[in-house]
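The values are calculated or read from the model by the stated rules, or taken from the named source; none is laboratory data. Remember, predicted model here, so these are calculated numbers, not experimental data. Counting neighbours? That spans all protein chains shown, and the Cβs are built from the backbone with ideal geometry, glycine included.
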Amino acid sequence: MRRADPWTGGASSQSLRARIERHVLRNQHWSAEQLLEEFGAFEAGDARFTRFLEALTSAEVIPDGPAQRGVAGIVGPHLRAIGAELRESGANGGYPVFSVVPIHAPLARQPKNLIFASPVKPDIRFLDAIDNHIEIVGNAGEVLVYDRPHRPRRHPVA
């Protein structure tokens, strides 16, 4: 026998959706902690709770960029206490996309050098592997090197 979905619960006034509408949206009876308890957030694994927070700040739930950032700002201090943050990681359809990331994780680095259009194999030496500083020792005249910094494109907010 298939269990009823607690979120939809049909027309039942006991469905999770109906209880949230009654206790959060209409009457503000529940605290944020009670709401998370009803969602089962405290029993959820890290990956599931992470997906919940990322979905909570998505444009599908909050179709307003400043409001999305506001929710992320409210959640932020609580995540920092456990060594994580809700970071704006991109955009989708002109709205910000947020991801839960560890605070101490290094920022993703962009490639600095792109070597192409060489009919021969160049002799490349890494002067600094961490920052990707290179020196082309042999066949330097046969190689094109693109070494300008990457600039992310800005998408206007709709």
Exercise. Enumerate the pairs (first residue in the stretch 131-153 and in a loop (DSSP other than H, G, I, E, B); second residue anywhere and at pLDDT below 75 and exposed (fewer than 12 other Cβ atoms within 10 Å of the Cβ)) with beta-carbon separation below 6 Å, excluding pairs fewer than 6 apart on the same chain, so at least 6 apart or on different chains.
Key: HIS150/GLN110
Quiz item: Applying the selection to the stretch 1-42, what residues are at positive phi, loosely packed, with under 13 Cβ neighbours inside 10 Å and modelled with pLDDT of 70 or more?
Solution: GLN28
Quiz item: Taking the condition touching a helix residue (DSSP H, G or I) at 6+ places or on another chain (Cβ under 9 Å), part of a helix (DSSP H, G or I) and without any contact (Cβ under 8 Å) to a residue 12 or more places away in the chain, does ILE62 pass?
Solution: no
Quiz item: Which condition number does VAL97 fail, the rest of (1) at pLDDT below 80; (2) assigned by TED's automatic domain parsing to the domain that holds GLN68 being met?
Solution: (1)
Quiz item: Among the residues of the stretch 65-98, which ones are outside any helix (DSSP H, G or I) and in contact with a Phe, Trp or Tyr (Cβ under 8 Å, 6 or more places away or on another chain)?
Solution: LEU86, ARG87, GLU88, SER89
